[in-house]
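One structure is given here, and the rest of the page talks about it.
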Amino acid sequence: MTSKLTRRTVTAGLGAGLAMPWIVRSHAAGGKPIVIGIPAAQTSAAGVADHLDFVQGTTLAVEEINAAGGVLGRELKIFTVDIDVLSPESSKQAVAACVDAKVDAISFAFTLVPVPAMDASVKYKCPWIHGSAQRAGSEAVKNNPEKYSHVFQTPPSEVDYGWTYPIWLEHEEKRGVWKPKNRKVHIVQEQVAYCQTISKAAQEAFKKRGNFEVARITDIQFPVQDWAPVIREMKEVGAAAIMVDHWVAAEYAAFCKQFVADPVPDSLVYLQYGPSQPEFLQLAGNSANGFVWSTTMGLYADEQGREFARKYKKRFPGIMGFAYPSISYDQTYYLKKAWEAVGDPRKFKEVCDWIRANPQRGVSGFMNMNNAYQESFHFPNNGGDTLQVSEIDKGVSQLYFQVQNVEHKLIFPNEVAESKLQKAPWWS
């Protein structure tokens with residue numbers, strides 16, 4: 001990772017991260033290598049940083065596994081192919097390339113068009129395990145379980161961002177660390193289906209709970225060239241809580257810089273997911289302090305999570321992402337356990353059956369695919385659907401972070417929190 005991040009440097013970093021699985025030689029016995037296919041954005045307009053995180057987390061797991069003797073006495077390798085996460089055609093082609101390479105499993109971060117990508121794998125049906133938090137994909141699995149029996153989604157879906165947001169606001173108010181100046185919420189929403197689904201879920205949740213009122217919804221369109229008009233509208237509304245429902249870290253960093261120069265006094269500002277990407281802190285610097293963000297799946301701040309962070313930072317120095325490094329690490333070890341239990345990675349159906357029947361606790365929570373969506377259960381229970389649990393050790397916890405002293409600090413839920421919400425620089 002470099003301090004000055006551009007698409008060129010990210011792509012170069014991806015290449016560096018990929019080199020190791022081919023040149024490392026483990027103590028594994030002979031036999032054909034077991035190959036994990038990873039569609040990884042390297043040149044597209046979006047997703048490059050997350051996908052770099054994903055490849056690096058997978059690389060760490062692969063190196064550990066090979067150093068310990070491999071899987072079933074065989075070396076584990078990675079096959080990557082470029083993908084444009086905004087393009088259905090590119091997503092299908094990337095998956096088709098993995099199929100042509102006869103990989104033993106597909107493990108990847110996400111595409112914003114999941115169903116066309118899934119369709120490209122249905123004849124091959126190797127295990128497909130992914131970190132794309134999208135109900136469109138898991139809903140397709142539920143509606144056509146035979147066709148998509150091989151598809152598993154480790155994070156809870158994006159709907160949980162919307163359903164949980166009011167609960168988190170109420171939590172911070174009850175805790176006494178935030179005293180809302182009014183009962184208004186302002187939602188700023190991007191136009192991709194992912195962000196629209198989050199916004200709709202939040203609006204439904206606020207209406208159902210009745211403790212806050214959505215005062216205004218403002219539309220934005222990627223790429224956002226200037227946040228000044230949006231900030232003027234935020235100041236006009238003056239809501240106690242502002243949700244920026246976007247997804248691009250660099251644009252969030254630009255927003256933070258413009259916002260702190262002319263803030264909405266005493267507003268609690270939440271940025272949906274994007275700050276998890278390493279370049280957010282690199283680009284925003286001190287301007288990031290005070291802002292809050294969340295992920296439906298990410299690295300816990302417990303002992304197991306801290307040990308992973310130590311290993312990851314040693315292998316990949318610099319600012320660590322808090323979502324896909326750990327998600328990819330967990331997915332790799334999930335596949336390892338399934339292959340060893342079945343005894344043959346080419347028995348795709350048996351491997352998928354094992355994953356479906358055997359939950360796993362990783363550094364990012366408890367993954368249980370034994371439901372119609374083949375998606376992890378969500379904690380805390382927000383009442384939004386049937387995939388909710390009230391005990392953290394039975395699901396994957398959504399994590400809320402606040403940037404404090406230019407570091408991400410986990411503040412919610414209490415079961416895994418390492419800090420509390422602190423006064424933002426623009427609060428009185």
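The values are calculated or read from the model by the stated rules, or taken from the named source; none is laboratory data. If you're wondering where the values come from, they're calculated on a predicted model, not measured in any experiment. Don't worry about glycine lacking a Cβ; one is built from the backbone with ideal geometry, like all the others, and counts go over all protein chains shown. Heavy atoms of the whole protein, side chains included, go into the accessibility calculation; ligands, DNA and RNA do not. Shrake-Rupley method; radii C 1.70, N 1.55, O 1.52, S 1.80 Å.
Some notes on this structure:
- For the pair Lys394 and Ala96, the difference between a 0.36 nm per residue extended length and the Cα-Cα distance amounts to 103.8 nm.
- Per-peptide packing, taken as the mean over residues of other Cβ atoms within 10 Å, places 397-407, 151-161 in the sequence 151-161, 397-407 from highest down.
- Over the range 197-243, volume per residue of the alpha carbon convex hull, in Å³: 72 Å³
- Over the range 37-168, accessible surface divided per residue gives 26 Å², non-protein components excluded, 1.4 Å probe.
- When peptides 339-347, 366-374 are ranked by their average number of other Cβ atoms within 10 Å per residue, the highest-first order is 366-374, 339-347.
- Helix-only arithmetic for the chain: the sum of -39500 (n - 2.57) across DSSP H runs with n ≥ 4, divided by the residue total, places the mean residue ellipticity at 222 nm at -12500 deg cm²/dmol.
- All aspartates and glutamates inside 19 Å of Lys184 as judged from Cα atoms, apart from same-chain residues fewer than 8 positions distant: Glu170, Glu172, Glu173, Glu204, Glu213, Asp219, Glu233, Glu236, Asp245, Asp266
- Axis angle, to the nearest 10 degrees, between helix 159-175 and the longest C-alpha principal axis of the chain: 50 degrees.
- Dimensions in Å of the chain - Rg and Dmax from alpha carbons: 20.8, 68
- Principal-axis tilt of helix 348-357 within the chain, Cα atoms, nearest 10 degrees: 40 degrees
- Where a label projected 7 Å from the Cα of Asp262 along Cα→Cβ would reach, residues of the range 212-230 with amide N under 13 Å: 226-230
- Carbon and sulfur %, accessible surface of the range 336-428 computed with the full protein complex present, 1.4 Å: 45 percent
- Here the label points at Ala341 and Lys208, each 7 Å from Cα along the C-beta direction, are separated by 3.1 nm in the simple model.
- Rg/Rg_globular for the range 332-428, with Rg_globular taken as 2.2 N^0.38 Å and Rg from C-alpha atoms: 1.42
- Here the range 280-395 was treated as a single set of alpha-carbon atoms; its pair distances binned every 10 Å from 0 give 12, 35, 32, 17, 4, 0 percent.
- In degrees, nearest ten, helix 303-315 long axis to first principal axis of the chain (Cα): 70 degrees
- Applying D = kT/(6 pi eta Rh) to the range 24-116, where Rh is the Kirkwood radius over alpha-carbon pairs, T corresponds to 20 °C and eta to 1.002 mPa s, the Stokes-Einstein value obtained is 156 µm²/s.
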